[in-house]
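Below: one structure, written as structure tokens.
The values are calculated or read from the model by the stated rules, or taken from the named source; none is laboratory data. Bear in mind that the values here come from a model prediction, so they are computed numbers and not experimental data. Neighbour counts run over all protein chains shown; Cβ positions are idealised from the backbone, glycine included. Surface areas here come from the heavy atoms of the whole protein model, side chains and all, with no ligands, DNA or RNA. Shrake-Rupley method; radii C 1.70, N 1.55, O 1.52, S 1.80 Å.
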Amino acid sequence: YGTHYDLQTLAPTLRDWVEAGGGLIASAPIINQAGQDYGTPLYDIDAIVPVNTTVSSSNNWAYTDVLITAPIHPITANVTGFYVESIEVAVPDVGATTLATYNGNPAVVIGNPGLGRSVFLAPFYASDGYLLNDPDADRLVEQAVAWAAGSSIDRYRFEAVAGGQALPGGGGVEG
């Protein structure tokens, strides 16, 4: 139960970071922890998770398979359906993309809050730790983290002055 209050403290900073280009993975029970179950919803969390987190939590003991509906996306590539016992019911935000479902409900949803990347995973990975023993459920998490992190290409900037000499150690250019 402390998670809600920890999120409340962290939410404004996390929102700033994600909207500035950071990545976020939010899995069940994020709606329970950020929504109405504790009173006032955490709107900073709702702004960066690609599903509506302002509602009361609705858990579903699905006992069903997650069905990949977008198999060519980097998050779901080479992931086949996998069995889940418990999943959080969610409604995707406008503009979000659903990559997988269970019984027709969204199971994997992605979005781009500001300059960032965000993934919602409906299965209860935290309380159902056995899910990570399933190769496809584990692969889904790994690929979601990689996608949310953004490009793996090193990006850096340098400035040069024509005719200048580069200083050792990246210290700039003498001109």
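Structure values in brief
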item	result
Of all residues in the range 108-132 being modelled with pLDDT under 95 and buried (at least 23 other Cβ atoms within 10 Å of the Cβ), the one that is nearest to the chain's Cα centre (by Cα)	Ala122
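This table checks each residue for (1) open to solvent by 70 Å² or more (accessible area, probe 1.4 Å); (2) closer than 26 Å to Leu132 by Cβ; (3) of a type in the set (Phe, Trp, Tyr); (4) out of contact with any Gly (no Cβ under 9 Å at 6 or more places or on another chain).
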{"position": "Gln8", "(1), (2), (3), (4)": "yes, no, no, yes"}
{"position": "Ala20", "(1), (2), (3), (4)": "yes, no, no, no"}
{"position": "Ile25", "(1), (2), (3), (4)": "no, yes, no, yes"}
{"position": "Tyr38", "(1), (2), (3), (4)": "no, no, yes, yes"}
{"position": "Asn52", "(1), (2), (3), (4)": "no, no, no, no"}
{"position": "Asn59", "(1), (2), (3), (4)": "yes, yes, no, yes"}
{"position": "Thr80", "(1), (2), (3), (4)": "yes, yes, no, yes"}
{"position": "Tyr83", "(1), (2), (3), (4)": "yes, yes, yes, yes"}
{"position": "Ser86", "(1), (2), (3), (4)": "no, yes, no, yes"}
